[in-house]
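K.L.:
Pasting in a structure now, in structure tokens, and then I'll have a few things to ask.
The values are calculated or read from the model by the stated rules, or taken from the named source; none is laboratory data. In this text, all values refer to a predicted model and were calculated from it rather than measured experimentally. Cβ: placed from backbone, ideal geometry, glycine included. Neighbour counts: every protein chain shown. These area figures cover heavy atoms from the full protein model, side chains too; ligands, DNA and RNA do not enter into them. Shrake-Rupley method; radii C 1.70, N 1.55, O 1.52, S 1.80 Å.
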Amino acid sequence: MDLRLIEAGLSVFQQKGVRFTMDDLSHAMGISKKTVYELVESKEALIAGIIGHVHEDIHRQQAAILADAGLRPAEKLERILTVLPVYGTFFEYGRLAELEEKYPVQFERMTVLLNQGWETTFDLYREGVAQGTLRPCHPDLFKTLYTSAVTALFHDRFVLRHQMPYADTLKEVVSILMHGFVQSGSANEGAPEA
């Protein structure tokens, strides 16, 4: 899909959410509505293209983190799990709630994409375990906890109710998964399990 179309689509999505019209898109691009329909068959097809573009953007950022030799595996893992697309407002809860309501097939596709491509993350996790910087656990359990938490944030409207930016909420979720609830140096740190 044409990058100019994707960028204009993201722009109108950021302004109006899924309520944007193809007229809004044609205006943003400075072309006729007829020309817009020559570039993309429907609004849903555009949304599908935007989701694909956002997914690719996230993977590009994650690849850059993986390539950073100055970061330890635990640091890489934490950064990878908190990556948001350049167009971060795409992931603001209100926008995702609209997407889920009006375009459930595309929302489900986004959820499926969240569950794909974990092999590199698992390799990174295993590297951290081998170096002794990460605690051993089954990688699929970690993935399930992460994806369940992220998905639950959308479905139970936590972000909207608490008026927290999605990026901050995601960082908090990953921090809890990576570091737990116990403060470093607290009296309970390292206490025997009950």
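K.L.:
Among (1) touching a Pro at 6+ places or on another chain (Cβ under 9 Å); (2) open to solvent by less than 20 Å² (accessible area, probe 1.4 Å), which single condition is Ser26 missing?
P.N.:
(1)
K.L.:
A follow-up question, please. With respect to Glu78, is the statement that it is assigned to a helix (DSSP H, G or I), acidic (Asp, Glu) and within 18 Å of the chain's Cα centre (by Cα) true? I'd like the intermediate steps shown before the answer.
P.N.:
Numbers: assigned to a helix (DSSP H, G or I): yes; acidic (Asp, Glu): yes; within 18 Å of the chain's Cα centre (by Cα): yes.
Taking the combined requirement at face value, the residue satisfies it.
K.L.:
Name the single residue that is nearest to the chain's Cα centre (by Cα) among those in region 82-114 being among the polar types (S, T, N, Q) and modelled with pLDDT of 80 or more.
P.N.:
Ranking the candidates gives Thr82 first.
K.L.:
Which residues, counting only those in region 105-161, are part of a helix (DSSP H, G or I), open to solvent by 60 Å² or more (accessible area, probe 1.4 Å) and β-branched (Val, Ile, Thr)?
P.N.:
Passing the criteria: Val105, Val112, Thr120, Thr144.
K.L.:
Could you grab the pairs with beta carbons closer than 6 Å, sequence gap of 6+ or different chains, first residue in region 117-135 and modelled with pLDDT of 90 or more, second one among the polar types (S, T, N, Q) and part of a loop (DSSP other than H, G, I, E, B)?
P.N.:
Between residues of region 117-135 that are modelled with pLDDT of 90 or more and residues that are among the polar types (S, T, N, Q) and part of a loop (DSSP other than H, G, I, E, B), there is no close pair.
K.L.:
Here's a follow-up. Which of the following residues is within 19 Å of Tyr103 (Cβ to Cβ), open to solvent by 30 Å² or more (accessible area, probe 1.4 Å) and basic (Lys, Arg): Lys43, Lys33?
P.N.:
None of the others qualify; the one that does is Lys43.
K.L.:
Give the residues of region 1-37 that are of a type in the set (Val, Ile, Thr) and either touching a Phe, Trp or Tyr at 6+ places or on another chain (Cβ under 7 Å) or in a helix (DSSP H, G or I) (or both), sorted by residue number.
P.N.:
Ile6, Val12, Val18, Thr35, Val36
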